[in-house]
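Novice: Have a look at this one before I ask anything.
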Amino acid sequence: MNVFSAIEKRRAVKHFDPNHKMTDEEINKLIEMVLLSPTAFNIQNWRFVIVTDMELRKKIRAVSWNQAQVTEASVLFILCADLKAWEKEPIRYWRNASKEVQDFILPAIDAYYRGKEQVQRDEAMRSCGIAAQTLMLCAKEMGYDSCPMDGFDFDAVAKLINLPEDHVISMFVAIGKAVKEAWPRSGALPSSELVIENHF
């Protein structure tokens, strides 16, 4: 499947085969691909919690409006981000760059994020959103379907996964073998309403 086809065929599927297991190789391929997603300043601030414990999944489902895909999907990714990744040894993100590049980029990272909590949170959501799309398109390429989710109690899920205080949850992505197709597309707005040239 090419990228265009994956984009056209990707839908939010709600019903998965609960007996289907993805192989370790398939899950590792998803991880390998999602780690190629871009992040600002290459800070790689996303953190991917893969929930394999079915008892934990049941508890998460209970605080997720009892949505079936939480327990029925083959794999459940909880996309989180470290809000302070930018200040945790940022040299790690640029270790292969020249000294000249490091001397320029490291102070720029600090200046961009320090003392700007909203900027840090915005960056977390951007990074996780990009990563989620990467996951879903890769899943489609591999013959799987997916469902992006934000219908859950964020605080309750944070407690269940022991989310560190300087992290935030962005969303879930459930991936598996669909047993029921997504609803038909419900109606896209015309591009003339959504695409603006130069200015509003």
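Novice: Restricting to the range 109-123, and then to whatever is loosely packed, with under 11 Cβ neighbours inside 10 Å and of a type outside the set (S, T, N, Q), can you tell me which residue is nearest to M171 (Cα to Cα)?
Specialist: Looking at residues that are loosely packed, with under 11 Cβ neighbours inside 10 Å and of a type outside the set (S, T, N, Q), I get E117.
Novice: Now for a separate question. Report, by residue number, each residue of the range 131-147 that is among the hydroxyl-bearing types (S, T, Y) and not in a helix (DSSP H, G or I).
Specialist: Y144, S146
Novice: To continue, here is another question. Kindly provide the set of residues from the range 1-13 that are touching an Asp or Glu at 6+ places or on another chain (Cβ under 6 Å) and either surrounded by fewer than 14 Cβ atoms within 10 Å (Cβ to Cβ) or over 17 Å from E181 (Cβ atoms) (or both), ordered by number.
Specialist: M1
Novice: A further question on this structure: Restricting to the range 64-107, name every residue that is free of Cβ contacts under 8 Å to residues at least 12 places away in the same chain and surrounded by 15 or more Cβ atoms within 10 Å (Cβ to Cβ).
Specialist: Once the filter is applied, which keeps residues that are free of Cβ contacts under 8 Å to residues at least 12 places away in the same chain and surrounded by 15 or more Cβ atoms within 10 Å (Cβ to Cβ), the range 64-107 yields A97, Q102.
Novice: Taking D110 as the residue in question, decide whether it is among the acidic types (D, E), part of a helix (DSSP H, G or I), in contact (Cβ under 8 Å) with a residue 24 or more places away in the chain and out of contact with any Lys or Arg (no Cβ under 8 Å at 6 or more places or on another chain).
Specialist: yes
Novice: Residues to consider are S170, S146, S127, S186; find the one that is modelled with pLDDT under 95 and either surrounded by 12 or more Cβ atoms within 10 Å (Cβ to Cβ) or of a type in the set (S, T, N, Q) (or both).
Specialist: That would be S186, the only listed residue that is modelled with pLDDT under 95 and either surrounded by 12 or more Cβ atoms within 10 Å (Cβ to Cβ) or of a type in the set (S, T, N, Q) (or both).
Novice: I'd like to know if the range 14-35 contains one or more residues that are within 19 Å of the chain's Cα centre (by Cα), surrounded by fewer than 17 Cβ atoms within 10 Å (Cβ to Cβ) and not in a helix (DSSP H, G or I).
Specialist: yes
Novice: Kindly indicate the residue of the range 39-53 that is free of Cβ contacts under 8 Å to residues at least 40 places away in the same chain and assigned to a loop (DSSP other than H, G, I, E, B) and also nearest to the chain's Cα centre (by Cα) among those meeting that condition.
Specialist: Among those that are free of Cβ contacts under 8 Å to residues at least 40 places away in the same chain and assigned to a loop (DSSP other than H, G, I, E, B), it is T52.
Novice: How many residues are acidic (D, E) and touching a residue at least 24 places away in the same chain (Cβ under 8 Å) when one looks only at the range 113-152?
Specialist: Result for the range 113-152: 4.
Rundown of residues vs (1) under 21 Å from V34 (Cβ atoms); (2) touching a helix residue (DSSP H, G or I) at 6+ places or on another chain (Cβ under 6 Å); (3) of a type in the set (S, T, Y), yes/no style:
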residue: C80; (1), (2), (3): yes, no, no
residue: I91; (1), (2), (3): no, no, no
residue: K99; (1), (2), (3): no, no, no
residue: I105; (1), (2), (3): no, yes, no
residue: Y113; (1), (2), (3): no, yes, yes
residue: K116; (1), (2), (3): no, no, no
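Novice: Look at the range 54-82 and say how many of its residues are hydrophobic (A, V, I, L, M, F, W, C), in a helix (DSSP H, G or I) and touching a Ser or Thr at 6+ places or on another chain (Cβ under 6 Å).
Specialist: 1
Novice: For the range 164-193, what are the residues that are under 18 Å from R10 (Cβ atoms) and either assigned to a strand (DSSP E or B) or among the β-branched types (V, I, T) (or both)?
Specialist: If the condition is that a residue be under 18 Å from R10 (Cβ atoms) and either assigned to a strand (DSSP E or B) or among the β-branched types (V, I, T) (or both), then M171, F172, V173, A174, I175, G176, A178, V179, K180 are the ones that fit.
The values are calculated or read from the model by the stated rules, or taken from the named source; none is laboratory data. Being a predicted model, the structure only gives us computed values, none of them experimental. Glycine gets a Cβ as well: all are built from the backbone with ideal geometry, and neighbour counts include every protein chain shown.
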